[in-house]
1. I'd like to check which strands (runs of 3 or more DSSP E) are fully inside the stretch 161-259 and have at least 1 residues that are aromatic (Phe, Trp, Tyr) and assigned by TED's automatic domain parsing to the domain that holds residue 72.
2. What number of residues in the stretch 158-198 are within 16 Å of residue 65 (Cα to Cα) and not basic (Lys, Arg)?
3. Of the residues 157, 121, 109, which is in contact (Cβ under 8 Å) with a residue 60 or more places away in the chain, surrounded by fewer than 20 Cβ atoms within 10 Å (Cβ to Cβ) and farther than 28 Å from residue 4 by Cα?
4. Output the qualifying pairs, or none if there are none: Cβ atoms under 8 angstrom, residues six or more apart or on different chains, first residue in the stretch 205-223 and within 8 Å of residue 119 (Cα to Cα), second residue charged (D, E, K, R) and surrounded by fewer than 24 Cβ atoms within 10 Å (Cβ to Cβ).
5. Residue check: is residue 94 assigned by TED's automatic domain parsing to the domain that holds residue 153, in contact (Cβ under 8 Å) with a residue 40 or more places away in the chain and surrounded by 20 or more Cβ atoms within 10 Å (Cβ to Cβ)?
6. Taking the condition of being hydrophobic (A, V, I, L, M, F, W, C) and assigned to a strand (DSSP E or B), how many residues in the stretch 121-141 meet it?
7. Can you tell me which residues in the stretch 103-145 are within 15 Å of residue 227 (Cα to Cα), in contact with a helix residue (DSSP H, G or I) (Cβ under 7 Å, 6 or more places away or on another chain) and hydrophobic (A, V, I, L, M, F, W, C)?
8. Please verify whether residue 76 is touching a residue at least 24 places away in the same chain (Cβ under 8 Å), assigned by TED's automatic domain parsing to the domain that holds residue 175 and in a loop (DSSP other than H, G, I, E, B), treating the condition exactly as stated.
Amino acid sequence: MIRRFARVVLTDGREVFVEVGEEYAVLDGAPWLGGAVTGERLGHHAILRRRVPVAPGKIICVGRNYAAHAAEFGNEVPEEPLLFMKPSSSLLDPGGTIELPPPSLSVRTEHEVELGVVVGTRLKRASAEECAHGIFGYTIVGDITARDVQRREKQWTRGKGMDTYCPVGPEVVSGLDAGALGVRCYVDDELRQDGNTAQLLFGPCVLLAFISEAMTLEPGDLLVTGTPSGVGPLVHGNRVRMEIDGLGALELTVRASTA
């Protein structure tokens, strides 16, 4: 059964997790931690805004996990998953604004739309089969990247980890088969990226098993699985729409740094 979850700020000031349906059913905690429906149900008028629907202790990302994306930069396909991490300070709410860094830091910020995997159970040196049962759900993630910084540094932390560089949402969806989902990114209504999760070199279960060999994954941790080809620049004033079949659309705006 497909279920959809969000985190919202209510007009009365409360911030809560909800199950999304014709109404919003308030939960008593994060759904991947067993948060249950309280019985309180709300109409759309009670929702002030949406927040990032995840609360990860770790954000683990995968580079060059689509062959066409590796090729567009002249890179070889990796023999094993290529991992990097983003800090939680890079998270950005649905409907939020990607803030371009000052030109002294970077002059080339690019979009990357990716399937996000939310861990549902503790995974330590787990098999791929165990990891399949350890997935709580899926969401849309933007792996926003300062490409010039990424290229000039051996580690990708700064280029991938700046504030607002990890938009997530709008919901976490459980019960969905993520094996062949269309993945698209539009900038000002222009289709820039158009791929499918069937093209992933390493699927979610293989990735989780690989990661869990080295680090324990906890409920709520977020895996970001890689982007299809077609990445490109973002500039002040752009409107960005990231879509994955069954997961909805993550809509964002872009503005230049005011610092």
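1. Details: elements: 166-174, 182-187, 190-196, 222-224, 232-234, 239-244, 248-255.
Output list reads 182-187.
2. 12
3. Numbers: 121 fails: farther than 28 Å from residue 4 by Cα; 109 fails: surrounded by fewer than 20 Cβ atoms within 10 Å (Cβ to Cβ).
Only one candidate qualifies: 157.
4. Listed pairs, sorted by first residue: 217/58; 217/122; 217/124; 218/58; 218/122; 219/122; 221/58; 222/58.
5. Numbers: assigned by TED's automatic domain parsing to the domain that holds residue 153: yes; in contact (Cβ under 8 Å) with a residue 40 or more places away in the chain: yes; surrounded by 20 or more Cβ atoms within 10 Å (Cβ to Cβ): yes.
The answer is yes for residue 94.
6. Step one: of the stretch 121-141, the residues hydrophobic (A, V, I, L, M, F, W, C) are 123, 126, 128, 131-132, 135-136, 140-141.
Going one step further and asking which of them are assigned to a strand (DSSP E or B), we end up with 123, 135-136, 140-141.
Looking only at that region, the number is 5.
7. Within the stretch 103-145, 115, 117 qualify.
8. Working: touching a residue at least 24 places away in the same chain (Cβ under 8 Å): no; assigned by TED's automatic domain parsing to the domain that holds residue 175: yes; in a loop (DSSP other than H, G, I, E, B): yes.
Against the criterion (touching a residue at least 24 places away in the same chain (Cβ under 8 Å), assigned by TED's automatic domain parsing to the domain that holds residue 175 and in a loop (DSSP other than H, G, I, E, B)), residue 76 does not qualify.
The values are calculated or read from the model by the stated rules, or taken from the named source; none is laboratory data. Fair warning: this is a prediction, and the values are worked out from it, not measured in the lab. Neighbour counts are summed over all protein chains in view; Cβ atoms, including those assigned to glycine, are modelled from backbone coordinates with ideal geometry.
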